[in-house]
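Colleague: Here it is, the structure, as C-alpha cells.
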C-alpha cells in the first residue's frame, strides 16, 4: 500500500515544538507516511501579508490530510503594526489562517473529544454530600459547527450606509439609530439549515457509532430566537432518524453550570460555532485542560487535525521545552481514526493512559505549576520526556 502524504503545519510558538513530538509517536506506533511542510502563521503575515499562503492551500488540496500545530493571532492594530513596511498601506488585512482554512475547504464539522484519563491529577473532582470526594468518569464529544455563526467574519466597524440602512429595517435597530457610525461595530451571526443539519447528523452518527446514549443540542433559542431557533429545530428534526438516542436540549449558559454539576451524564454535545468553542474549552477544563484537548476539522474532502491550545509564544524558546504534547498526540490519533488506522490510534491512546495512570512522568501543567524554566527543579518532565514515556509504553 502506498504511503499517505500528510501536510504538516507547525505554525507559531509551541506548535513548532509539539508537532515533531507527535510525529515521533506516530512513527513508534508503526504509522508510515510522507510528510510535507506547509507554511502557515504569523511570520508569513508579516513577510507576505497572508498567514495562509496559497502554496499551503494547494498542498492541502492535493493531499487532503493536515496536521496543524498552533498559530498566533493578534488584534487588528497590532497586526497592521507588525506588517512588513514594504506591505503597509497596500490593503492587506489579517485573517486567522485556521478560520480561513475552515471556510476555504468547508471544514464545517469540528469534533472535540473531552475524555478523562484515570490518574490525571487535573481531572475534575467534587465533594460527596456524605463526605470525601469523587472523580466522575467524563466522556464527552463536542460537535461544533465550524464555518458559520459569529465566526463567519461578516462584520464592520463604522458600517457603510447601505449596510446601516438594511439594519434600520429591523425594529430592534431603533435603540442604535442615533449612534454615530464611527462608534459602531456590527457582527452578523449566520446560521443555515444545511450546515446545521449536517453537523447535527454528524453528531448523531458519532453517537451511534461509539455507543453514546444521548446527543445534547446546546444553543440559546430563548433569546437568539431566529438563529439558535433554526439550529435547534434542525437538530430535533435529525433526531427523529435516531430513535435509540436521547435528544436533549440545553441553553449554553445553563450548560456551563451543569457541566461542573453532572458532567458524566453528557455524551455528545452539538452546538453552533461560538457556543461549541465555549463548551469544548469548558469540558476540556474538567479533563486536564488544553494540554489534553484535541480536535478534528472535517470537510467532505479535506480534514485538518489540531490541538485546541494556542501558540503560547513565551514557552517556544525555553530549552528544554516545558509544554505538554499530549493534545497534539491525541489530535494525531484523531487523524489515524479518520483514515482508518484505528488500531494504531488505540495503541497510542492506551500508551498515554498508561503513562498518566502511572504518574511517574508529568509535565508542569499536570503538576499545577506556573510555567517557567524552574519547573524541572520541581519534578516536571519536559516535552520530549513525555513523548519518550508514551513511546516507551508502545
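The values are calculated or read from the model by the stated rules, or taken from the named source; none is laboratory data. None of these values were measured; they are calculated from a predicted model. Note that each Cβ is placed from the backbone with ideal geometry, even for glycine, and that neighbours are counted across all protein chains shown.
Colleague: Just checking, how many residues over region 65-84 are buried (at least 18 other Cβ atoms within 10 Å of the Cβ) and part of a loop (DSSP other than H, G, I, E, B)?
Modeller: Residues that pass the stated criteria total 4.
Colleague: Of all residues being more than 15 Å from residue 259 (Cβ to Cβ) and surrounded by fewer than 18 Cβ atoms within 10 Å (Cβ to Cβ) in region 104-127, which is modelled with the lowest pLDDT? Just the residue, please.
Modeller: If we take residues in region 104-127 being more than 15 Å from residue 259 (Cβ to Cβ) and surrounded by fewer than 18 Cβ atoms within 10 Å (Cβ to Cβ), then 127 is modelled with the lowest pLDDT.
Colleague: Please verify whether region 334-347 includes one or more residues that are touching a strand residue (DSSP E or B) at 6+ places or on another chain (Cβ under 6 Å), under 25 Å from residue 65 (Cα atoms), surrounded by 18 or more Cβ atoms within 10 Å (Cβ to Cβ) and at pLDDT 95 or above.
Modeller: Within region 334-347, one or more residues are touching a strand residue (DSSP E or B) at 6+ places or on another chain (Cβ under 6 Å), under 25 Å from residue 65 (Cα atoms), surrounded by 18 or more Cβ atoms within 10 Å (Cβ to Cβ) and at pLDDT 95 or above.
Colleague: Report yes if residue 159 is part of a loop (DSSP other than H, G, I, E, B) and in contact with a strand residue (DSSP E or B) (Cβ under 6 Å, 6 or more places away or on another chain), otherwise no.
Modeller: yes
Colleague: Here is a further query. Residue by residue through region 84-122, note down the ones that are touching a strand residue (DSSP E or B) at 6+ places or on another chain (Cβ under 6 Å) and more than 30 Å from residue 60 (Cα to Cα).
Modeller: The answer is 116, and nothing else.
Colleague: Of everything in region 217-249, what is touching a residue at least 60 places away in the same chain (Cβ under 8 Å) and either over 17 Å from residue 274 (Cβ atoms) or touching a helix residue (DSSP H, G or I) at 6+ places or on another chain (Cβ under 6 Å) (or both)? Give them in sequence order.
Modeller: 218, 231
Colleague: Taking residue 214 as the residue in question, decide whether it is closer than 27 Å to residue 278 by Cα, surrounded by fewer than 17 Cβ atoms within 10 Å (Cβ to Cβ), in contact (Cβ under 8 Å) with a residue 24 or more places away in the chain and touching a helix residue (DSSP H, G or I) at 6+ places or on another chain (Cβ under 8 Å).
Modeller: Considered against the rule, which asks whether it is closer than 27 Å to residue 278 by Cα, surrounded by fewer than 17 Cβ atoms within 10 Å (Cβ to Cβ), in contact (Cβ under 8 Å) with a residue 24 or more places away in the chain and touching a helix residue (DSSP H, G or I) at 6+ places or on another chain (Cβ under 8 Å), residue 214 comes out as yes.
Colleague: Still on this model: Whether any residue in region 132-139 is farther than 19 Å from residue 293 by Cβ, part of a loop (DSSP other than H, G, I, E, B) and assigned by TED's automatic domain parsing to the domain that holds residue 211 is what I want to check.
Modeller: yes
Colleague: Evaluate the following for residue 276: is it touching a residue at least 24 places away in the same chain (Cβ under 8 Å), within 21 Å of the chain's Cα centre (by Cα) and surrounded by 22 or more Cβ atoms within 10 Å (Cβ to Cβ)?
Modeller: yes
Matching residues to (1) part of a loop (DSSP other than H, G, I, E, B); (2) outside the structural domain of residue 142 (by TED's automatic domain parsing); (3) buried (at least 17 other Cβ atoms within 10 Å of the Cβ):
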residue	(1), (2), (3)
175	no, yes, no
208	no, no, no
222	yes, no, no
235	no, no, yes
253	no, no, no
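Colleague: Follow-up. Please tell me if residue 194 is over 19 Å from the mean Cα position of the chain (by Cα) and either part of a strand (DSSP E or B) or surrounded by 13 or more Cβ atoms within 10 Å (Cβ to Cβ) (or both).
Modeller: Spelling it out, it is not the case that residue 194 is over 19 Å from the mean Cα position of the chain (by Cα) and either part of a strand (DSSP E or B) or surrounded by 13 or more Cβ atoms within 10 Å (Cβ to Cβ) (or both).
Colleague: Working carefully through the options 91, 66, find the one that is touching a helix residue (DSSP H, G or I) at 6+ places or on another chain (Cβ under 6 Å) and either within 19 Å of residue 43 (Cα to Cα) or in the same structural domain as residue 309 (by TED's automatic domain parsing) (or both).
Modeller: 66
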